[in-house]
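Asker: Let me begin by handing over the structure; questions about it come next.
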Amino acid sequence: MNWVIHATNLNRTFRHGHEQTTALCDVALSIPPASMTVFVGASGSGKSTLLALIGLLDRPDTTSQLRIAGRCALTMSSHDMAEARSELIGFLFQDAKLIERMSVVENVALPLAYRGIDRKTRERRALAWLERVGLASRARLSPCKLSGGERQRAALARAMIAEPKILICDEPTAALDEGRASELNGLLRDVASGGTAVLIATHDPAVIERADQAYLLDRGRLAQVQGGDALRDCGLRNMAAVWSHRQSAGGV
Amino acid sequence: MTRLRFSTAWVRLSDTLRFALWGLLSRPVRSATVVGSLAAGVAAVVLAVGIIRGYGAAAERAAYGVYARSLVIRENVYSLDRYGPPILSDIPRLQDAVEFVDTILAWRMARVAARSDELSGEVDVFGVYGDHRIETGMEVAEGRDLSYEEAGSANRVCLLGEEAAERFFPGGALGESLSLGGISCEVIGVLEPSQARTSDRFDRAVIAPFTAAARYFQPTEYMAPDEASWMTVVIGPGGDLHDARVAADRTLRRARGVPMSRPTPYSYDDPGAPRRAVERERALLGALLSAIAAVSMLAALIGYSGVLMSSINERSREIATRMAIGARTRQIVRQFFAESLLSGLAGGGLGGLVGIGLCITLARIWDWEVVIDGQIFLIALALGLGSGAVCGLAPAWRVSTAMPWHVLRQ
């Protein structure tokens, strides 16, 4: 199979003086394109660290093997990582991380500016994406004028404007109410259907319900979720119930 | 293909400048602090340069031209033994005896009654033996100068200083006849205004050939035809004024039969001495001001780079976000480098204007000379740009090469 992300023996250790913390240990996973994958686990289990490594925002330990769209992450220089991020990866953070002093449309168009695309073209494409996420009428506003859900949708538009192969979402619905979260989940599902591999770290059962595959992270170790028991064992009862319901309905 | 490359480069450049400008304008207080701290240092440097140059120009004007290295020989009027003024035949003696003599001019001055069609009054007539320009530093603005033959003759021709020409011939002096002590002299030239305080007396005077002056115009105290009011011995490069003075005194004493035990029959003035003193002062003042300006600039640079560094650190999350959404290292470096260059340019420009303003104000208060030109403003801009380049590159590079995740998770 043609994996867009393929990792084996993926490790990440943080050192603080003489102390050493293992955030990820022997993680192995393969993600196909056009899929929606969720990573669940308790806080501090290593979900965000794993997404940062896959998103080339951080470097794995040297014993690791990680290929992103066929490229070996370990041998990349900082410059190569930035290039690969620009070409392959979009990010959706929990707090959107929109730049407050720019308008919404300028925020969305920003990734295209870093690709050397002229101002008119990138604004046209940004407006098209804002239309798609239902924010066309808010394009000229400052991000601080948007609600939490609108900010996340604007951030999704920004992440997708450069048509990345991978979209990494770190708890995108954590700060949203149910209705806004549902809207965003629908958009993420659409993005995955469009050919992008969507990776989501989440605690939200509504997100896991729509996922194609789920991984459980427990103290830095990864396991693919086959049934609800593993989730329940980790105290993730809501997710376990959702997952079991999906399995019984033949969703996965 | 070339057009596409140009277009991409233009998009990058305009975006870099736009983002940099946006980065500065979106934080006005921070940017004002950055620009202001640099402007203070640049203003100090501009002020120092302005004062040093102004002071230098004043020194140039205080003493000018040949007086820098010359001896002026006059009769020693304080001596009880009077041997008369120096005479023309002393010139070859001095030329033989004094080393490194460049040239010797002899002057004879008399105050005479002058009359033109418009005006009558008194005027100083300077009879010159030699090329007057060596001492006056004044070229002819209208007409012609005294020729070599005329300078040694008794021809009744004269040159007028600018003010004298205006005074006696408001409608134009050239070719006119000026009566000097009842002797009619043709005005063959009008001199340009003097450039130095030491020669401004020639602006109001008449210059005539030495022999003519000796024949037609008598000073108050009788002088023989070959006697000069003073002689100016110009010392060339390599010559020492003290040695020249000793040699000249020995020669003239021998010529007049004055033993060394008697007071010297002549006084030997060194008109360049004040200028050299001014130059020494100027060098000292320049060194002091340069040191103060350098310390001010250094303090400003430390403040500037500190504010720049903290400004970039403050924006590290923004930088990390930009990198997460696709900015390359070089694009971030370019943006922040452009920001620091722009702030440097603004600081340099503002500092330049403030420095020039201070120069002008202080010069008005203390009646100083001010030399302000485009060059001084260019120096300010270059200082600002250089500071921006030096102080901006390192923090921009440091922040952009950090792993974005480490910044984002803080």
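The values are calculated or read from the model by the stated rules, or taken from the named source; none is laboratory data. Computed from a prediction, not measured in an experiment: that's the story for all the values here. Heads up, the Cβs are rebuilt from the backbone with ideal geometry, glycines too, and the neighbour counts pull from every protein chain shown.
Asker: State all residues of the stretch B:357-370 that are touching a helix residue (DSSP H, G or I) at 6+ places or on another chain (Cβ under 6 Å) and either in a helix (DSSP H, G or I) or small (G, A, S) (or both); if no residue qualifies, say none.
Answerer: B:L358, B:C359
Asker: Given the condition more than 23 Å from the chain's Cα centre (by Cα), in a helix (DSSP H, G or I) and within 14 Å of chain A (Cβ to nearest Cβ), answer yes or no: does some residue in the stretch B:346-353 qualify? If you could, list the steps in order and put the result at the bottom.
Answerer: Here is the first cut: in the stretch B:346-353, the ones more than 23 Å from the chain's Cα centre (by Cα) are B:346-351.
After this cut, where a residue has to be in a helix (DSSP H, G or I) as well, the list is B:346-351.
This time we only want the ones that are within 14 Å of chain A (Cβ to nearest Cβ), so: none.
Among the residues of the stretch B:346-353, not one is more than 23 Å from the chain's Cα centre (by Cα), in a helix (DSSP H, G or I) and within 14 Å of chain A (Cβ to nearest Cβ), which makes the answer no.
Asker: If you don't mind, another one. Identify all residues within the stretch A:104-135 that are away from every other protein chain (no Cβ under 11 Å) and of a type in the set (G, A, S); write none if there are none.
Answerer: Of all residues in the stretch A:104-135, those away from every other protein chain (no Cβ under 11 Å) come to A:104-105, A:123-135.
Selection gives A:A126, A:A128, A:G134.
Asker: State whether one or more residues within the stretch B:134-141 are at pLDDT 90 or above, surrounded by fewer than 21 Cβ atoms within 10 Å (Cβ to Cβ) and closer than 21 Å to B:A214 by Cβ.
Answerer: no
Asker: Right, something else. Just checking, how many residues over the stretch B:13-52 are free of Cβ contacts under 8 Å to residues at least 40 places away in the same chain and basic (K, R)? Working first, answer last.
Answerer: Filtering the stretch B:13-52 down to residues free of Cβ contacts under 8 Å to residues at least 40 places away in the same chain leaves B:13-15, B:18, B:22, B:25-26, B:28-29, B:32.
Going one step further and asking which of them are basic (K, R), we end up with B:18.
Number satisfying all stated conditions: 1.
Asker: OK, next. Within the stretch B:219-235, is there a residue that is in a loop (DSSP other than H, G, I, E, B), closer than 30 Å to B:P265 by Cβ and charged (D, E, K, R)? Reasoning before the result, please.
Answerer: Applying the first criterion (in a loop (DSSP other than H, G, I, E, B)) to the stretch B:219-235 yields B:219-226, B:228-229.
Restricting the remaining residues to those that are closer than 30 Å to B:P265 by Cβ gives B:219-226, B:228-229.
Narrowing the set further to residues that are charged (D, E, K, R) leaves B:221, B:226.
So far as the stretch B:219-235 goes, yes, one or more of its residues are in a loop (DSSP other than H, G, I, E, B), closer than 30 Å to B:P265 by Cβ and charged (D, E, K, R).
Asker: Okay, next question. Mind counting the residues in the stretch A:160-181 that are outside any loop (DSSP other than H, G, I, E, B), at pLDDT below 90 and out of contact with any Asp or Glu (no Cβ under 9 Å at 6 or more places or on another chain)? Please lay out each step first, then the result.
Answerer: We begin by selecting, within the stretch A:160-181, every residue outside any loop (DSSP other than H, G, I, E, B); these are A:160, A:166-170, A:178-181.
Still in the running and at pLDDT below 90: A:170, A:178-181.
Then keep just the ones that are out of contact with any Asp or Glu (no Cβ under 9 Å at 6 or more places or on another chain); that gives A:170, A:178-179.
The qualifying residues number 3.
Asker: Note down all Cβ pairs under 8 Å where the first residue falls in the stretch B:198-219 and is within 16 Å of B:S147 (Cα to Cα) and in the same structural domain as B:V123 (by TED's automatic domain parsing), the second is among the charged types (D, E, K, R) and buried (at least 22 other Cβ atoms within 10 Å of the Cβ), and they're at least six residues apart or on different chains.
Answerer: Filtered contacts from the stretch B:198-219: B:F210/B:R108; B:A213/B:R108.
Asker: Yes or no: the stretch B:395-403 includes at least one residue that is surrounded by 20 or more Cβ atoms within 10 Å (Cβ to Cβ) and within 10 Å of chain A (Cβ to nearest Cβ).
Answerer: Yes, the conditions are met somewhere in the stretch B:395-403.
Asker: Looking at B:I312, B:I356, B:I372, can you tell me which residue is at pLDDT below 85 and under 21 Å from the mean Cα position of the chain (by Cα)?
Answerer: Working: B:I312 fails: under 21 Å from the mean Cα position of the chain (by Cα); B:I356 fails: at pLDDT below 85.
B:I372 is the lone residue from the list that is at pLDDT below 85 and under 21 Å from the mean Cα position of the chain (by Cα).
Asker: Still on this structure, please answer the following. Criterion first (closer than 30 Å to B:R250 by Cβ and either in contact with a Ser or Thr (Cβ under 6 Å, 6 or more places away or on another chain) or not assigned by TED's automatic domain parsing to the domain that holds B:R201 (or both)) does B:E135 satisfy it?
Answerer: Values: closer than 30 Å to B:R250 by Cβ: yes; either in contact with a Ser or Thr (Cβ under 6 Å, 6 or more places away or on another chain) or not assigned by TED's automatic domain parsing to the domain that holds B:R201 (or both): yes.
It is true that B:E135 is closer than 30 Å to B:R250 by Cβ and either in contact with a Ser or Thr (Cβ under 6 Å, 6 or more places away or on another chain) or not assigned by TED's automatic domain parsing to the domain that holds B:R201 (or both).
Asker: For residues that are part of a strand (DSSP E or B), at pLDDT 90 or above and not polar (S, T, N, Q), tally how many sit in the stretch B:236-272.
Answerer: Within the stretch B:236-272, the first condition is being part of a strand (DSSP E or B), and the residues that meet it are B:266-269.
Subsequent filtering for residues that are at pLDDT 90 or above retains B:266-268.
Cutting the leftovers down to not polar (S, T, N, Q) gives us B:266, B:268.
Residues in the stretch B:236-272 being part of a strand (DSSP E or B), at pLDDT 90 or above and not polar (S, T, N, Q): 2 in total.
Asker: Checking the condition within 14 Å of another protein chain (Cβ to nearest Cβ) and touching a residue at least 40 places away in the same chain (Cβ under 8 Å), which residue from A:A34, A:A96 passes? Even if it seems obvious, please write down each step before you answer.
Answerer: Values: A:A34 fails: within 14 Å of another protein chain (Cβ to nearest Cβ).
A:A96 is the lone residue from the list that is within 14 Å of another protein chain (Cβ to nearest Cβ) and touching a residue at least 40 places away in the same chain (Cβ under 8 Å).
Asker: Just wondering, is there one or more residues in the stretch A:206-221 that are at pLDDT 80 or above, closer than 30 Å to A:L127 by Cβ and not in a loop (DSSP other than H, G, I, E, B)?
Answerer: To start, the set of residues in the stretch A:206-221 that are at pLDDT 80 or above comprises A:206-208, A:210-221.
Subset that is closer than 30 Å to A:L127 by Cβ: A:206-207, A:210.
Restricting the remaining residues to those that are not in a loop (DSSP other than H, G, I, E, B) gives A:206-207.
Yes; the residues of the stretch A:206-221 include at least one that is at pLDDT 80 or above, closer than 30 Å to A:L127 by Cβ and not in a loop (DSSP other than H, G, I, E, B).
Asker: Out of curiosity, is A:S86 facing chain B (nearest Cβ under 10 Å) and within 16 Å of B:I319 (Cα to Cα)?
Answerer: Details: facing chain B (nearest Cβ under 10 Å): yes; within 16 Å of B:I319 (Cα to Cα): yes.
Yes; evaluated as a whole, the condition is true for this residue.
Asker: Name the one entry in B:L285, B:L252, B:L289, B:L298 that is over 30 Å from B:V407 (Cα atoms), more than 14 Å from chain A (Cβ to nearest Cβ) and in contact with a strand residue (DSSP E or B) (Cβ under 8 Å, 6 or more places away or on another chain). Walk me through how you get there before you give the answer.
Answerer: Numbers: B:L285 fails: in contact with a strand residue (DSSP E or B) (Cβ under 8 Å, 6 or more places away or on another chain); B:L289 fails: in contact with a strand residue (DSSP E or B) (Cβ under 8 Å, 6 or more places away or on another chain); B:L298 fails: in contact with a strand residue (DSSP E or B) (Cβ under 8 Å, 6 or more places away or on another chain).
None of the others qualify; the one that does is B:L252.
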